[in-house]
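Enquirer: The following block contains the structure, expressed as structure tokens.
Computed from the coordinates by the stated procedures, all read-outs in this text should not be read as laboratory data. Keep in mind that what you see is a predicted model, and the values were worked out from it rather than measured. Cβ placement follows ideal geometry from the backbone for every residue including glycine, while neighbour counts extend to all protein chains displayed.
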Amino acid sequence: MFRTALRNVLAHKARLLMTTLAVMLGVAFVSGTLVFTSTISDAFQASSQKGYDSVDVAIQPHRSDSAAGNPGAAPGLDHKLLDKAGKLPGAASATGSVSGFTAVADKHGKLIGDGFSTLGGNYYPGADGKDARYPLRDGAAPQRAGEIALDAKTADRAGYRVGDTVRISVDGPVRKEKLTGIFTTDDGAVSAGGSLALFDTATAQQLLGTPGEFDEIDVRAAPGTSQQALKTAVDAILPHNAAEATTGRQLADDQAKQIAQGMDGMKTGLLAFAGIALFVGIFIIANTFTMLVAQRTKELALLRAVGASRRQVTRSVLIEAVVVGAVAAVAGLAAGIGIGAGLRALMNGTGATVPDGPLVISPSTVLTSLVVGIVVTVLAAWLPGRRAAKIPPVAAMNSVHAAATTKSLVVRNTLGALFAGAGAAAVLAATGMDDGKALMGLGAVLLLIGVFILTPLLSRPLIALASPVLRMFGISGKLARQNAVRNPRRTAATASALMVGLTLITGLTVIAGSVQKGIDKMATDSLKADYIVSMAGMTPLSPDVAKKIGSLDEVTASSPLRNSPARIGSVTEYLTGVNGKDFGALTRLDFTSGGLNGLRGDAAVVDADTAKEKGWRVGSHVPVTFEDGKKGALTVSGVYEGNEMIKGIILDNGVLAPHQKHAADMQVMVKTQAGVSDAGKDSLVKALGDNPAIAVQDKKDVSDGIAQMINLMLNMLYGLLAMAVIVAVLGVVNTLAMSVFERSQEIGMLRAIGLDRSGIKRMVRLESLVISLFGGVLGIGLGVFFGWAAGELIAGSLGTYELVLPWGRMGLFLALAALVGVLAALWPARRAAKLNMLAAIKAE
Amino acid sequence: MTTTHSGVSTATRATAVAARATDLTKVYGQGETQVVALDAVSVDFRQAQFTAIMGPSGSGKSTLMHCMAGLDAISGGSARIGDIELTGLKDKKLTQLRRDKIGFIFQAFNLLPTLTALENITLPMDIAGRKPDRAWLDRVVETVGLAGRLKHRPSQLSGGQQQRVAVARALASRPEIIFADEPTGNLDSRSGAEVLGFLRNSVRELGQTVVMVTHDPVAASYADRVVFLADGRIVDDMPDPTADLVLERMKGFDAKGRTS
């Protein structure tokens, strides 16, 4: 039997081409993902390992009990501790470091980097007067306030030389600093496109942290002292409960674990999309083997007639599938390795620099790819294989293809209706529930399966809808329509493959559009402010910025949003400090009880969810431990409907400020006399010193920013789903090519009695178009339904959510389906038109 | 080769020529493997005449038909349908010619399973985008006895009925000439006789021109004239054939075939 199967594969090379390609693409996606993620992950781990080479023991603020987490805790890493650590018997040296956000402007005043990886730190000279972490290329280290050093990459990019004046900003106000030195570094943030500016330690502490304190103290071990021994020594000198020591190896391991976790998330995400592509591939494989079995009915019956058992017949089909799967998996693996290498090159090209490292092709990657390819193919060929076994030996004697009985379609339709009905009911029920995610997921899967099963039934009426259009194409159109519904199962499987991709694409588009609208509405509804001022890297602003804005003539109202941790009962909550006098003029909050009433003194307003959770109501007295450890009390003066922009416990800054040693504002809301205008925005920007690190956004900028983010995400998802669509295109090509082959006699006859080549081509193309559009309509319809249903769930947490049907996009997707049809028909139509008429007529 | 001695009898019915081959040559392959399928064949098919082409397998009878019907390219000589020379015609023109001037009947019926009997019959007109002549269509349908079965699909019809649909399809567009390739090859003798009867009637009563390739002496006996081919040449031309005469003539080929 094996030889027969092998011969069959070889004999049907061309017909198996599309199937092989489909499996190959799916496997390539899987192996590409595995190669890419393990390569990147290894490279990052190697680079982070290197980063901890110079650290034997690191002292950091207690992780679970840091100042933010434990308001009122004692100060931690000061100079005394540093000195003590450096003088430990096992220590060679100790380095104190401070780090934080620092924006650097280029010569035109524009921000260098994207704002998220623009960092500042301190130059900590060791015993030899040099900081081993930052070897200087030019000039000297910064010695006092007003001097900085820049990393070589940033300096080169902006064209700065030693002696130049550089504009920087740490938390708002622009500072002009003299560039004294340029250093080289392999800091990850810098290699990823950011910048690093260094100050002398005292200045860094003042600007980025707390005077006299470090963020981290790194201790090097003296020769002969192990990291563990040094850690034990360090532990003894640590202030109680405020700091902890970790060995360099432990830190490297922790980071490696973190990287691995991050990469795992990415890998799972990518594999999900690979799974979708493979799932789509299953339809094509099943279709192909069904057709092959149908075409070989006589052959298989003959095998049965000469004594092959049913099991042997099934096995011969499955062996064929194994061979096809294996070939496709090997090709896919090779392609996937290429994709992995290409992706890395692409990421390097776009600036998101990945540390260098070898391409990692692990045995598990190879094994997974091969197993996935073969198992998917064999699974998909299972049903056709069983059907082959059911061919009676007598079928060898007549030429009737084993046609599916109507009874099985009845069973099929009943089953499909049950699935689809139950699924739709579950989805609908889930939309009305508070936590309907699981039920909705289950319902969606059931509905999708139901529609898969029902597609043969749906094909006739839906395709009949197209007949008025097809009639315009004369006989070609008529024949195309009839050919499309001729084998409902085949058409259904082909269209379903396309449907899967389009359902997901449409659903995501509907959700994204609606969420965006909801957020937009939220911003417009809850804000009366004209502008929002914030730091580019979403780091805190200096309180000076709010003060400066408040003093401007054109500003009628302004308020910072200032966060401060506080202990309420036994949990830490964040208090939001605002300018109570102006807050009402800047926001439009819905109060369910009480109100702002000028928000002053110990009054606080609380969002409804928090109030409900804590059991507070207007008039409740709330004892609070502020971040400096002092105790106080707040009185709830109002309960409002919170949203993503404004929520939590809000009180006047006058209450909060005395308790903060380092006040920082997340953003400042501004209302001006003239309202929103470009000129008004410009004058605000100028007033803030033309600072590249500060972003002044009006509501439109905010919503544009959100739209951009959502669009970026949507485009990424489109890209990932494109693979499923490509596989579906292969499926349409496959079905058409097989249909053309099966109908070669008919096509020959049509040519003989006078249908010219273009007529034949048109017929095949229209059939392809009809099948593709059928899948497209189903997919878009289901996508809208799922999008709507998921939106109902989202509406629970996003009050302003509003369903937006992206008609333009939906039209585009339908056009895409049509394009798929046209493209898929190119080759089969040519083949049909070139068919040798005589051979076709003579063939029996 | 000329057809002089049959010309007298057919001239009384019609004298115009529906199709003509002059030194028609068809060669397959090249060099060593070259096979001459037709070797300078010259033959006229007169209007309103029922001609049968006979010969042992490999004699070139099907090739002759394919070449005359514009289904296969010619290597040399000329083939005409009416006044139109087929050599040198582009595929598009040739397709149009087949559509408008030629009817076909195949051994394997070759109906479209998705179309009803009536739709199959009007298919050539549908392809041309012409409206069928209703009265003529009714007459053709009645002649082949399919009046009650027009809504049926081919799978619901017997073999004989399917071939009658094919005959009606060939007649319906009133082609200048109908080529039938072993039209009774897949039929039982009774159905075969029916189909052949219709073909003969269409010549006698409707003035249709029919050229039929067959290897069955009984089928050939329905024709007005039998042209015999062997080894790519016309070796005989028999007017008013009977089954016995044809059989006798064929036996001669068989004997010759066996000795060579």
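Enquirer: Using a Gaussian network for chain B with springs between C-alpha atoms less than 10 Å apart, which of these wobbles most: B:D240, B:D100, B:D138?
Expert: Sorting by GNM fluctuation, first place goes to B:D138.
Enquirer: Let me ask something additional. Which ordering of A:K548, B:K251 is given by a fewest-first count of other beta-carbon atoms within 10 Å?
Expert: Lowest count first: B:K251, A:K548.
Enquirer: So which of A:K257/A:K630; A:K107/A:K686; A:K661/A:K681; A:K267/A:K521; A:K528/A:K548; A:K176/A:K528 end up more than 28 Å apart, counting from Cα to Cα?
Expert: The pairs that break the limit, which is 28 Å between Cα atoms, are A:K257/A:K630; A:K661/A:K681; A:K267/A:K521; A:K176/A:K528.
Enquirer: Then there's this: I want to make sure I understand the PRE zone here: with the label point 7 angstrom from the Cα of A:T635 toward its beta carbon, which residues in segment A:569-588 have backbone N atoms less than 19 Å away?
Expert: The answer is A:578, A:580-581, whose backbone nitrogens lie closer than 19 Å to the label point.
Enquirer: Across segment B:109-123, in residue order, what do the Karplus-derived ³J(HN,Hα) couplings come to in whole Hz, using 6.51 cos²θ - 1.76 cosθ + 1.60 with θ = phi - 60° and x for Gly and Pro?
Expert: 6, 6, 9, 7, x, 7, 9, 6, 4, 4, 5, 5, 5, 8, 3
Enquirer: Which length gain, in nm to one decimal place, applies between A:D164 and A:D590 when the Cα-Cα distance is subtracted from 0.36 nm times their residue separation?
Expert: Length gained, A:D164 through A:D590: 148.1 nm.
Enquirer: Quote the FRET efficiency, to the nearest 0.05, computed for A:V469 versus A:L442 with a Förster distance R0 of 41 Å and r equal to the Cβ-Cβ distance.
Expert: FRET efficiency, A:V469 to A:L442: 0.60.
Enquirer: Name the residues whose placed amide hydrogens come within less than 5 Å of the amide hydrogen of B:A230, ignoring near sequence neighbours (fewer than 5 apart) on the same chain.
Expert: Residues meeting the amide H criterion: B:V235.
Enquirer: If you don't mind, there's one more thing I want to ask. Looking at segment A:92-203, what % of its DSSP beta bridges pair antiparallel, to the nearest 5?
Expert: Given both bridge residues lie in segment A:92-203, the antiparallel proportion sits at roughly 60 percent.
Enquirer: Residues with beta-carbon under 12 Å from that of A:A752, excluding A:A752: net charge, scoring Lys, Arg +1 and Asp, Glu -1?
Expert: +1
Enquirer: Could you list which residues have their amide H under 5 Å from that of B:I178, counting only those 5 or more apart in sequence or on another chain, with H placed in the peptide plane?
Expert: B:G103, B:T209, B:V210, B:V211
Enquirer: I need the phi-derived Karplus couplings for segment A:715-732: 6.51 cos²θ - 1.76 cosθ + 1.60, θ = phi - 60°, integer Hz, Gly and Pro marked x.
Expert: Computed from phi, the couplings for segment A:715-732 are 5, 5, 5, 4, x, 5, 7, 4, 4, 4, 5, 4, 4, 5, 4, 4, x, 5 Hz.
Enquirer: Local charge sum around A:K528 (other residues, Cβ-Cβ under 14 Å, Lys/Arg +1, Asp/Glu -1)?
Expert: So the surrounding residues net to -2.
Enquirer: Could you tell me the calculated FRET efficiency between B:E85 and A:L383, based on Cβ-Cβ distance and R0 = 51 angstrom, to the nearest 0.05?
Expert: 0.35
Enquirer: Could you give the distance between the Cα centres of segment A:452-484 and segment B:97-141, to the whole Å?
Expert: Spelled out, the Cα-based centre of one part sits 22 Å from the other.
Enquirer: Just rank B:L247, A:L634, B:L38, fewest to most, by other beta-carbon atoms within 10 angstrom.
Expert: The most exposed by this proxy come first: B:L247, A:L634, B:L38.
Enquirer: DSSP loop (so not H, G, I, E, B), at most 15 other Cβ within 10 Å: list which trypsin sites (Lys or Arg not before Pro) in segment B:52-104 pass both filters.
Expert: Qualifying residues, ordered by number: B:K90.
Enquirer: Amide H of B:G77 versus every other amide H placed in the peptide plane: which residues, excluding those fewer than 5 positions away on the same chain, fall under 5 Å?
Expert: B:T25
Enquirer: What is the local net charge at A:V733, summed over the other residues whose Cβ is closer than 14 Å to its Cβ (Lys, Arg +1; Asp, Glu -1)?
Expert: So the surrounding residues net to +4.
Enquirer: Only counting other Cβ atoms within 10 Å, I'd like A:W382, B:W136 sorted with the fewest neighbours first.
Expert: Exposure proxy ranking, most exposed first: B:W136, A:W382.
Enquirer: If you count the DSSP beta bridges with both ends in chain A, what percent of them are antiparallel, to the nearest 5?
Expert: 75 percent
Enquirer: Nearest 10 degrees is fine. How inclined is helix B:159-172 to the longest principal axis of chain B, computing both from alpha carbons?
Expert: The angle comes out at about 90 degrees.
Enquirer: Ok, one more. Expected output is a single nm value to one decimal: the length gained when fully extending between A:A417 and A:D704, i.e. 0.36 nm times separation in residues minus the C-alpha distance. What is it?
Expert: In short, 98.9 nm is gained.
Enquirer: Also: Taking R0 as 56 Å, what's the FRET efficiency between A:I237 and A:S797 from their Cβ-Cβ distance, rounded to 0.05?
Expert: Rounded to the nearest 0.05, the efficiency is 0.70.
Enquirer: Right, here's the next one. Tell me, what ³J(HN,Hα) does each residue in segment B:231-242 have, in order and in whole Hz, if you take phi through Karplus 6.51 cos²θ - 1.76 cosθ + 1.60 with θ = phi - 60° and put x for Gly and Pro?
Expert: Values per residue, Gly and Pro as x: 6, x, 10, 7, 10, 6, 8, 10, x, 6, x, 10 Hz.
Enquirer: If you average the sequence gap of Cα pairs under 8 Å that are 6 or more apart and divide by the length of segment A:581-661, what percent do you get for the contact order?
Expert: 39 percent.
Enquirer: In nm, what is the difference between 0.36 nm times the number of residues separating A:Q312 and A:K661 and their Cα-Cα distance?
Expert: Here the answer is 117.5 nm.
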